[in-house]
Amino acid sequence: MIATRRPLLSAAMLALGLAIAVPLPAGSALPATVDGQPLPTLAPMLERATPAVVNIGTESRAANNPLLDDPFFRRFFNIPDQPRERRSQSVGSGVVVDARRGYVITNHHVIKGADKIAVTLRDGRKLDAKVIGSDFESDVAVIQIPSGNLTALPLADSDVLRVGDFVVAIGNPFGLGQTVTSGIVSALGRTGLGIQGYEDFIQTDASINPGNSGGALVNLRGELVGINTAIIAPGGGNVGIGFAIPANMVSRLMNQIVAHGSVRRGQLGVSVQDLTPDLARAFNIPADQGAVIAQVSPRSAAARAGLREGDVVLNVNGRPVRDGGALRNAIGLLEVGEGVRLDILRDGKPQTIDAKVGEFVVAKIEGEAINPRLAGSTFEDIGPNSPLAGRVKGVVVASVESGSPAARTGLRKNDVIVGVNRQAIANTAELKQLAADGDGLLLNLVRGREELLLVLR
C-alpha cells in the first residue's frame with residue numbers, strides 16, 4: 001500500500017514550505033506567521049464540527065452453536081463449559097444532526113442487531129441511545145440520545161459538490177477515539193458497487209477505516225456533506241478509496257425514518273437498464289446517457305402515467321439521469337404519492353411525462369418472455385420486505401410448473417438466480433437482458449445454503 005499526502009490548500013503547501021525554510025531553534029514551535037501571513041489551519045472549523053461527531057459502541061447477544069450444548073461433543077473435543085449466549089461488541093461513529101431532539105445519524109450496519117447502544121460525546125459524556133428506525137437498503141439509521149448541551153452539524157447541499165472540493169472525514173477508526181483525516185472529493189454519483197441497494201456515493205481519498213462508518217464527511221465550512229459508509233480495501237486497510245452517502249440523500253431518508261420508523265420507498269413499477277451505445281443505435285437515440293425502460297408492470301404508477309417499454313428516461317425532476325441506477329435512486333428517495341416529472345425520449349422524440357410515485361411493487365416476469373427454456377416459470381425481484389433482502393442479490397424463482405421446460409432444466413421454486421453466463425444480476429431486467437435465447441445458458445443459483453451451476457442447452 002502506498003500512502004500519499006496531499007495539501008489541504010495550495011496556499012498551505014506554499015506556507016508550509018516557507019515555514020520549513022525558516023531556521024528555528026531546536027525544540028521551538030512553528031511560528032504563527034511567516035512574512036506576516038498566518039499559517040493556514042483547519043483547527044477553528046474542526047473545533048466547531050468535532051463535538052457533533054460521536055463514537056458509538058454496541059453490544060449484542062449471540063447464541064452458541066447447538067453442538068456446544070451437547071455434553072458428549074464438549075467432552076470428546078475437550079471444550080470447556082460455556083455460557084449459552086455470547087456477547088459481541090462493535091464500534092462505529094455517528095453525527096448529531098438535531099441537537100434539540102437528540103437525533104444522531106449513523107449507518108444501519110453499525111447498529112444492526114444491537115441490544116444496547118452507547119454513544120460517547122466529544123466531551124466524554126456517555127449516553128444510552130434508542131433506535132428510531134433504519135433502512136438497510138441505503139444503510140442509514142437514526143438513533144436518539146437525551147438532548148441537552150448537544151452540538152449538531154448543519155447539512156450542506158451535497159448537490160453542489162464538485163470533484164476536487166476539499167473534505168474532512170471525522171470518525172472513530174478502530175475504536176481509537178475521534179480522528180480527523182483530510183482529502184478531496186474524488187468522484188460523484190458512484191453506483192453499481194454492490195455495497196448497498198441504493199447507491200449514489202461520494203468517493204473521497206480522505207482516509208476511512210473500520211470504525212469510521214457512520215461518521216461525518218464535512219466541507220471546509222464545517223457542514224455535513226456525507227455520511228462515511230464504506231471503503232475498498234483489498235489488503236484490509238485504507239487505500240484511498242472511500243465512500244459516503246450524500247447529505248441530501250441522508251436528509252430525505254431521515255425525514256421518512258423519523259416520521260414512519262422506516263423508509264416507505266416508492267416505485268414507478270418499471271424494470272430498467274442502462275442506455276448503452278448499442279441500445280442507442282438500435283433505438284436511433286441521440287443520447288449517450290439515460291435509463292431504458294425494459295418492462296412496465298401492469299396497473300403500476302408507470303402504466304397509469306403512460307410510460308412504455310423502450311422509453312429512455314433522461315431527467316427526473318430536472319436532474320439528469322446517468323443510468324438505470326441513478327433512476328432507481330431518484331425514484332426510491334421519493335415518498336409514496338409524491339409527484340415526479342420525467343423527461344423522456346420516445347422513438348427519438350422528446351416528451352415530458354408527469355407521474356405519481358406508487359407503492360413498492362415487486363417486479364415479476366414470465367420465464368417464456370425471457371427464454372423458451374424457462375417457459376412454465378415466473379421470476380420476481382427481491383423486494384424490501386423479502387426475508388432475502390439484504391442477504392443476497394438476484395432474482396427469485398417464484399413458481400415452476402410441473403413438467404414444464406423450466407422444470408426439466410432443474411429449476412425449483414425459491415431458487416435464487418444470482419448470475420447468468422458468469423455475470424452477476426440483481427433484478428428481473430438484468431435476467432431478461434442476459435438470458436435471451438442463445439446457444440447455451442449458464443445459471444448461478446443459490447438453493448438454501450448451496451451454490452449451484454445449472455446449464456441449459
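Bear in mind that the values in this text are calculations on the coordinates, not laboratory data. What you are looking at is a predicted structure, and each value in this text was computed from that prediction instead of being measured. With ideal geometry, Cβ positions are generated from the backbone for all residues, glycine too; neighbour counts draw on all protein chains shown.
Quick notes on this one:
- Partners of K413 within straight-line reach, counting lysines whose Cα lies under 29 Å from its Cα and excluding those fewer than 8 residues away in the same chain: K364, K393, K432.
- Rounded if a/c under 1.5, otherwise prolate or oblate - region 184-303, Cα gyration tensor axes: oblate
- Anisotropy class of region 364-456 from Cα gyration tensor, a/c 1.5 cut: rounded
- Aspartates and glutamates whose Cα lies under 18 Å from that of K349, excluding same-chain neighbours fewer than 8 positions away: D288, E309, D311
- Partner lysines for K130 [C-alpha distance under 27 Å; skip if fewer than 8 residues away on the same chain]: K112, K116
- Phi-based couplings in Hz for region 210-224 (Karplus 6.51, -1.76, 1.60; Gly and Pro marked x): x, x, 6, 3, x, x, 9, 10, 10, 8, 6, 8, x, 9, 6
- The modelled label-to-label distance between R299 and A407, using points 7 Å beyond Cα along the C-beta direction, is 2.7 nm.
- D278/L442 FRET efficiency (R0 35 Å; Cβ-Cβ; nearest 0.05): 0.95
- Annotation: extensible slack from L39 through N421 equals 131.7 nm (criterion: 0.36 nm per residue apart, minus Cα-Cα distance).
- Projecting the Cα atoms of N444, L434, L374 onto the charge dipole of region 364-456, computed from C-beta unit charges around the Cα centre, puts N444 farthest toward the positive end.
- Our coupling estimate for region 137-142, obtained by passing each phi through the Karplus curve with A = 6.51, B = -1.76, C = 1.60 and θ = phi - 60°, is 5, 9, 6, 10, 9, 10 Hz, Gly and Pro reported as x.
- Coupling constants for region 267-275 follow from the phi torsions by the Karplus curve (6.51 cos²θ - 1.76 cosθ + 1.60, θ = phi - 60°), and in residue order they are 7, 7, x, 10, 9, 10, 9, 5, 7 Hz; glycine and proline get x.
- Normalising the average separation of contacting C-alpha pairs (under 8 angstrom, six or more residues apart) by the number of residues puts the relative contact order of region 266-359 at 33 percent.
- Neighbour-count ranking [beta-carbon atoms within 10 angstrom, fewest first] of V104, V357: V357, V104
- Cα shape, region 232-390, gyration tensor, a/c 1.5 rule: rounded
- Chain lengthening between E59 and R221 when straightened (0.36 nm per residue, less Cα-Cα): 54.8 nm
- Amide H contacts under 5 Å for L155, placed H, 5+ residues apart: L224
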